[in-house]
Amino acid sequence: MTKKETKRNVEQESIDVLICEDDPFILESIEHTVGMEGFKFRSTESGKEALDIARRLKPKVILLDLMLPDISGLEVCRHIKGRPETREMTVLIITARGQDADIQEGLTAGADEYITKPYSPRALCKKLHALLDGLEETGK
């Protein structure tokens with residue numbers, strides 16, 4: 001299979017969840033949690049790559065850290081919610097920034113939900129199921 005064929009197959013892949021987290025230990029934990037729940041997912045440690053994956057693969061939900069090495073999660077959220085082709089995606093921010101002002105800033109940027117670290121994997125699963133069930137009910 002050529003590199004071009006591989007890329008085309010990845011672009012046609014359907015995913016439920018895009019995970020954008022730069023801490024490898026937290027990323028592994030989220031991947032494990034999401035995978036054990038049976039969701040199809042892709043992961044990245046880069047905000048720029050998250051934007052690219054979101055445009056190409058159209059995930060239903062994006063789990064997004066705010067503190068990323070290239071562009072902030074807030075900027076990623078604003079870009080996603082500001083573009084017609086991605087604005088319907090559900091963004092769930094998972095971050096260590098838990099002050100009221102941080103939460104308000106995330107919601108103002110367009111996040112649909114906000115969870116602070118440390119978080120319970122069970123609570124994450126419950127929230128993720130609720131978000132995806134809500135999307136199915138609205139036909140998104």
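Worth pointing out:
- Net lengthening on full extension, GLU75/SER46 (0.36 nm per residue, minus Cα-Cα): 9.2 nm
- Region 61-140 versus region 18-33: alpha-carbon centroid distance in Å: 14 Å
- A Förster distance of 25 Å, applied to the separation of the beta-carbon atoms of PHE25 and LEU57, puts the FRET efficiency at 0.50.
- Note on ALA123 and ASP100: the extension gain reaches 6.3 nm, defined as 0.36 nm multiplied by sequence separation minus the Cα-Cα distance.
- Backbone HN-Hα couplings from phi across region 106-117 [Karplus 6.51/-1.76/1.60, Hz, Gly and Pro as x]: x, 5, 5, 5, x, 4, 8, 8, 9, 10, 9, 8
- Prolate/oblate/rounded call for region 61-140, Cα gyration tensor, a/c under 1.5 rounded: oblate
- Against the compact-protein benchmark of 2.2 N^0.38 Å, the Cα-based radius of gyration of region 13-129 scales to 0.94.
Bear in mind these aren't lab numbers, they're just calculated from the coordinates by the rules spelled out. In this text, all values refer to a predicted model and were calculated from it rather than measured experimentally. Note that we place each Cβ from the backbone using ideal geometry, even for glycine, and neighbour counts take in every protein chain shown.
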